[in-house]
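**Q** My structure is below; once you've seen it, I'll send some questions.
The values are calculated or read from the model by the stated rules, or taken from the named source; none is laboratory data. All of these numbers come straight from a predicted model, not from anything done at the bench. Virtual Cβ from ideal backbone geometry, glycine too; neighbours counted across all protein chains shown. Surface accessibility is based on the protein's heavy atoms, side chains included, excluding ligands, DNA and RNA. Shrake-Rupley method; radii C 1.70, N 1.55, O 1.52, S 1.80 Å.
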Amino acid sequence: QVQLVESGGGLVQPGGSLRLSCAASGNIFSMNAMGWYRQAPGKQRELVAVISSGSSTNYADSVKGRFTISRGNATNTVYLQMNSLKPVDTAVYYCNAEAVTLSPLGSAEYWGQGTQVTVSS
C-alpha cells in the first residue's frame, strides 16, 4: 500500500543540527497531513511537528524555534530540520502520514520504521 522510509538520523553533539527526510511511496492518490513523532526510552511517543497538505504547521512547545518541518508535495516527502539540538531530543523519530489510496479505497494513517537521533557529547 503505502511505505514511509526515513533517513538522516545519527549522532550529533549538543548544539548541532540534523535534517530528517521521509519519502512516501506506493499506491498514493493524495497525501494529507504528514508529520514527525518521537519516542525516547521509557516514554510515550509524542508529536514533534505536523504539516498539512496546505502547509500549515504545528510544533510541540519543546521544539518551537529550533525545528522546522517542510514538505515536497510533488514528491510526497516531508523533512524535519533540527537545529540547536539538546540531549533531551534523543529519541527514535518516526514519520507519519495520512494518505488516500484508490486500492483499497480510502484514507489511512501510515508509519515509518523510525530513525535514531542521539544528541551527546
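**Q** For the structure I just gave you, tell me whether LEU85 is open to solvent by less than 60 Å² (accessible area, probe 1.4 Å) and part of a loop (DSSP other than H, G, I, E, B).
**A** It is true that LEU85 is open to solvent by less than 60 Å² (accessible area, probe 1.4 Å) and part of a loop (DSSP other than H, G, I, E, B).
**Q** Sticking with this structure for a sec: Can you name every residue in segment 44-56 that is under 22 Å from VAL92 (Cβ atoms), out of contact with any helix residue (DSSP H, G or I) (no Cβ under 9 Å at 6 or more places or on another chain) and either surrounded by fewer than 19 Cβ atoms within 10 Å (Cβ to Cβ) or modelled with pLDDT under 95 (or both)?
**A** GLN44, ARG45, LEU47
**Q** Every residue in segment 45-71 that is under 22 Å from VAL5 (Cβ atoms) and in a helix (DSSP H, G or I), please.
**A** none
**Q** Then there is this: Please determine, by comparing only the residues of segment 1-23 that are among the aliphatic types (A, V, I, L, M), under 11 Å from the mean Cα position of the chain (by Cα) and crowded, with 19+ Cβ neighbours inside 10 Å, which one is nearest to SER103 (Cα to Cα).
**A** Among them, the one singled out is LEU4.
**Q** Also: Step by step: first the residues of segment 58-69, then only those that are surrounded by 15 or more Cβ atoms within 10 Å (Cβ to Cβ) and of a type in the set (Ser, Thr, Tyr), then the one that is nearest to GLY15 (Cα to Cα). Which residue is that?
**A** THR68
**Q** Based on this model, can you work out whether PRO41 counts as part of a loop (DSSP other than H, G, I, E, B) and either within 15 Å of GLU109 (Cα to Cα) or in contact with a helix residue (DSSP H, G or I) (Cβ under 8 Å, 6 or more places away or on another chain) (or both)?
**A** Criteria not met by PRO41.
**Q** Can you tell me which residues in segment 95-107 are open to solvent by 40 Å² or more (accessible area, probe 1.4 Å) and either at pLDDT 95 or above or part of a strand (DSSP E or B) (or both)?
**A** GLU98, LEU102, LEU105, SER107
**Q** What single numbered condition from (1) surrounded by 14 or more Cβ atoms within 10 Å (Cβ to Cβ); (2) not in a loop (DSSP other than H, G, I, E, B) fails to hold for ALA74?
**A** Tallying (1) surrounded by 14 or more Cβ atoms within 10 Å (Cβ to Cβ); (2) not in a loop (DSSP other than H, G, I, E, B), ALA74 fails exactly one: (1).
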